[in-house]
Amino acid sequence: MNNVKLEETKKITTISVIAIFVFCFVFALIKGAHTLNEDIVVINQEINSHIINFILSTVMCILFGYMSLTYGKRYQFCFLIGIIIVAGNFMYETAVPLLNTIDIVGAVYSLVGVLFSLIYLYYISNHGFEDKE
């Protein structure tokens, strides 16, 4: 059987990943509450209408990137994940009107979420794991 050695993360790295996921979950709850009461908004109405694009892209990029880093992949793999998420979102938001209205602003929010994630993943790829020495 193939034995896969996982990279040892620092406690602060694990805590920061969980904190980002909780932060995104809270924003999703606020967005969900907005569907029940239109007076509840995240920050303003513009951000409120596109926050889900930001949240989904951020969570997917960090989840897959963090998992790949723990399995010993290099940061370039995280960058590839980010490119795939952004490209898929831009295609979906501009060319595929399936269950969606064409909305380039939503794709831009997704891009911002991926950029945030890639900066975070770059930092933890350099400083978030225990030294192998």
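The values are calculated or read from the model by the stated rules, or taken from the named source; none is laboratory data. Being a predicted model, the structure only gives us computed values, none of them experimental. Every residue, glycine among them, receives a Cβ derived from its backbone with ideal geometry; neighbour counts consider all protein chains shown. When the accessible area is computed, the model is the full protein with side chains, heavy atoms only, and any ligands, DNA or RNA have been set aside. Shrake-Rupley method; radii C 1.70, N 1.55, O 1.52, S 1.80 Å.
Listed values, structure above:
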item	result
The chain, accessible surface, carbon-and-sulfur percent (1.4 angstrom probe)	69
Protection proxy ranking, peptides 90-102, 113-125, average beta carbon neighbours within 10 Å, highest first	113-125, 90-102
Computed over the chain, Cα set: Rg, Dmax in Å	16.8, 56
Cα centre as origin, Lys/Arg/Asp/Glu Cβ charges: the chain dipole, Debye	400
Length-normalised contact order for segment 47-118 - Cα pairs under 8 Å, 6+ apart - percent	48
Positive dipole terminus of the chain, leading residue within 113, 63, 9 (C-beta point charges)	9
Cα gyration tensor shape for segment 48-92, rounded if a/c is under 1.5, else prolate or oblate	oblate
Positive-end residue, the chain charge dipole about Cα centroid, Cβ charges, pick of 36, 76, 49	76
Tensor-based shape of segment 62-133 (alpha-carbon gyration tensor, a/c under 1.5 rounded, otherwise prolate or oblate)	prolate
Rel. contact order, % - alpha carbon contacts under 8 angstrom, at least six apart, segment 1-132	34
